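Visitor: Sharing a structure, written as C-alpha cells. Questions coming.
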Amino acid sequence: MSLWFWVLVAAAAAYAIKLSGYLLPRKLLDRPVVVRLATGLTVGLLASLTVLNTVGKGQSIVLDSRLLALGAAAIALWLKAPYLVVVLVGAIAAGLGRLAGLP
C-alpha cells in the first residue's frame with residue numbers, strides 16, 4: 001500500500017474522531033472525569049513534544065544550549081513571568097550557552 005493510502009486513512013480517522021466530539025451529548029462531555037482527562041492529555045502531549053524537540057536530533061539525544069534555554073524558561077514560568085519574558089529568557093539563555101561554547 002502506498003503512502004497516500006495511509007495519509008488518507010489518517011485524515012479520515014482524524015475527521016471521524018473530530019466529528020464524534022460534536023455528536024456526543026453535552027452531558028457526557030461536561031463530566032469532571034472527562035474534563036480532567038482531556039486537560040491531562042493535552043498537557044502531557046505538549047510536554048512530550050517540547051522535550052522531544054529540545055533533546056532529540058534524529059535518532060539520538062543531544063544535550064546542548066536548547067536544554068539550557070528550556071530550563072531557564074521553565075524557571076521563568078515557575079516565577080509566573082509573562083509569556084514574552086519567558087521567551088526572552090529562553091532566547092538569552094540559549095545565546096549565552098552558545099557563547100560559552102555549547103552546541
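The values are calculated or read from the model by the stated rules, or taken from the named source; none is laboratory data. Since the structure is predicted, the reported quantities are computational estimates derived from the model, not experimental observations. Backbone-built Cβ (ideal geometry, glycine too); neighbour counts: all protein chains shown.
Visitor: Which residue pairs have Cβ atoms closer than 7 Å, lie 6 or more positions apart in sequence or on different chains, and pair a first residue in region 84-103 that is farther than 9 Å from residue 69 by Cβ with a second residue that is in a loop (DSSP other than H, G, I, E, B) and of a type in the set (D, E, K, R)?
Guide: Correct list of pairs: 102/64; 103/64.
Visitor: A follow-up question, please. Quick one: would you say residue 84 is in a helix (DSSP H, G or I), at pLDDT 90 or above and surrounded by 14 or more Cβ atoms within 10 Å (Cβ to Cβ)?
Guide: Against the criterion (in a helix (DSSP H, G or I), at pLDDT 90 or above and surrounded by 14 or more Cβ atoms within 10 Å (Cβ to Cβ)), residue 84 does not qualify.
Visitor: Being within 17 Å of the chain's Cα centre (by Cα) and either modelled with pLDDT of 90 or more or not β-branched (Val, Ile, Thr) (or both): is that true of residue 46 here?
Guide: yes
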